[in-house]
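Since the structure comes first, as structure tokens, the remarks are kept for the end.
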Amino acid sequence: MSRGKNISIGALIAILIAAGIGYFVYARNRGVVGIQTSRVLRQDLTQTVSANGEIKPKKYVNISANTMGRIVQLPVREGDHVREGDLLIRLDSIQTNADVQSAQASLDAAQAELEGMAASLKSADATINSAKAELRRSEADLTRAKQNFDRADRMSKDGLISREQLERSKTDFDIAEAQVGAARARLAQTEAQAAQTLKQRDGLALRITQQRSAVTRARDQFSKSTIRSPLEGIITYLPVNEGEIAIVGVQNQPGTVLMTIADMSVITAEVKVDETDIANVKLGQEANIKVDAFRDQILRGHVSEIGNSALTRTTGVATGPQAAAQEAKDFKVVVTLDSPPGDLRPGLSCTAEIVTATREHVLTVPIQAITIRELGGKKETEGVFAVRNGSVAFLPVKTGIVGTTDIELTEGLAENDEVVSGPYQVLRTLKDNTRVRIEK
């Protein structure tokens, strides 16, 4: 046999052997699914809720004007520290000051008139007392004149006195009786005048009360031309300048806020938590705050407030009966910072990681290993595919808290068990007892 034929036969045999091996491998791997696996590990696990928001002071006040006027004095600037009662803005007050002086002058005049009327009442009292005394004297004279007349009448009947003497006694009696009537009339007139003066005094007292109210109102309007700080803090917003016109403030009306003062002693991060996570957030839970402007610096805090009304993610307003049910909702959560840095400013964007649960030394698997299957046509069951001797078996499990990448297992697996963790396309359609091969 020639050398060329030997080489050809050897090559043919090698090809046949390679084809046989290839077919054997193909036949062996037919129906085998490539998977990625992970081990059940025991580790510490922390469940967090992440939410975005902004830095805000716990207490702040928007300063607005209570009266319209031109700003004539503005002694503060944005970023200044002010104390409670410090002057912030002074408005033009010429008109309001004139109103105060006019109202005060009217009040002073009414009070002077009241003092004069008090003197008139004293004089009227004296006149009444004098009229009463005169009446008593006239009544005494009348009594004496009547006694004289009665005695003269008896004596005249007995012929002891003349007719002329009797008539003189009768005249004295009539004069005394007339004087009593006149005294009574003068007393009644004096009492009527005193009563009239008393009514005038009461009316004047009411007018003085009205004048005092006018003075109070004028002073209140005058005081509104001076705006002072209601709290100690830092001016974080100041859009106005001297010479501009301040209009009366209306809540939530743009252009009416003259400045904002923030109490920077207590700083918060106001974030929006998704409705699917809000049930896990509780008051007092710890949180880690990352401010975009501070890069890698982590600030510590705790949850101090949880909103009860949902906010629509699209409009940011509280939901109502007409709100669309399919809109995503958020809830406001306030995190109070424990030790905020001094250069922290309101309005900075931030991200809060709220720690909602922690577990120590628990069994965990990657979150993507958890899948859902129907067992025996019954309801869907949560479980994992465990690797057993080159194939997989679906095992129901019970889970606990969810970490960033892992989930807690409370029942169903043991430590170091090997489970299928991917790829997702394979895990989504993987069936029980499927033959598998582990891929890197």
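Of the strands (runs of 3 or more DSSP E) lying entirely inside region 368-414, those containing at least 2 residues that are over 52 Å from the mean Cα position of the chain (by Cα) are 380-388, 391-396.
For region 378-417, taking the residues that are of a type outside the set (A, V, I, L, M, F, W, C) and closer than 18 Å to R428 by Cα, the one that is surrounded by the fewest Cβ atoms within 10 Å (Cβ to Cβ) is identified as K379.
Considering only residues that are among the polar types (S, T, N, Q), more than 16 Å from L142 (Cα to Cα) and surrounded by 15 or more Cβ atoms within 10 Å (Cβ to Cβ), which ones fall in region 162-191? Within region 162-191, T190 is the sole residue that qualifies. Answer with yes or no whether D99 is more than 25 Å from A205 (Cα to Cα) and outside the structural domain of R345 (by TED's automatic domain parsing). In short, no.
Considering only residues in region 219-238 that are crowded, with 16+ Cβ neighbours inside 10 Å and among the hydroxyl-bearing types (S, T, Y), the one that is farthest from Q95 (Cα to Cα) turns out to be T236.
If the condition is being under 17 Å from L41 (Cβ atoms) and loosely packed, with under 11 Cβ neighbours inside 10 Å, then region 360-377 contributes E360, H361.
Quick check on my filter: what residues within region 260-313 are out of contact with any Lys or Arg (no Cβ under 9 Å at 6 or more places or on another chain), free of Cβ contacts under 8 Å to residues at least 12 places away in the same chain and closer than 22 Å to D338 by Cβ? R295, the sole residue that qualifies.
Looking at the structure I just gave you, is E270 under 19 Å from the mean Cα position of the chain (by Cα) and at pLDDT 90 or above? Yes, satisfied. Checked against (1) surrounded by 12 or more Cβ atoms within 10 Å (Cβ to Cβ); (2) closer than 30 Å to S213 by Cβ; (3) polar (S, T, N, Q), N148 meets all criteria but (2).
Determine whether A195 is among the aliphatic types (A, V, I, L, M) and at pLDDT below 90. Judged against the criteria, A195 is a match.
In region 67-97, the qualifying residues are those that are assigned to a helix (DSSP H, G or I) and not aliphatic (A, V, I, L, M), and the one that is surrounded by the fewest Cβ atoms within 10 Å (Cβ to Cβ) is Q95. For region 415-430, name all the residues that are within 12 Å of T371 (Cβ to Cβ), touching a residue at least 12 places away in the same chain (Cβ under 8 Å) and outside any strand (DSSP E or B). Hits for region 415-430 are Y424, V426, L427, R428, L430. Checked against (1) touching a residue at least 40 places away in the same chain (Cβ under 8 Å); (2) touching a Gly at 6+ places or on another chain (Cβ under 7 Å), L395 meets all criteria but (1).
The values are calculated or read from the model by the stated rules, or taken from the named source; none is laboratory data. Because the structure is a prediction, the values reported are computed rather than measured. Using ideal geometry, Cβ is built from the backbone for each residue, glycine included, and neighbour counts are taken over all protein chains shown.
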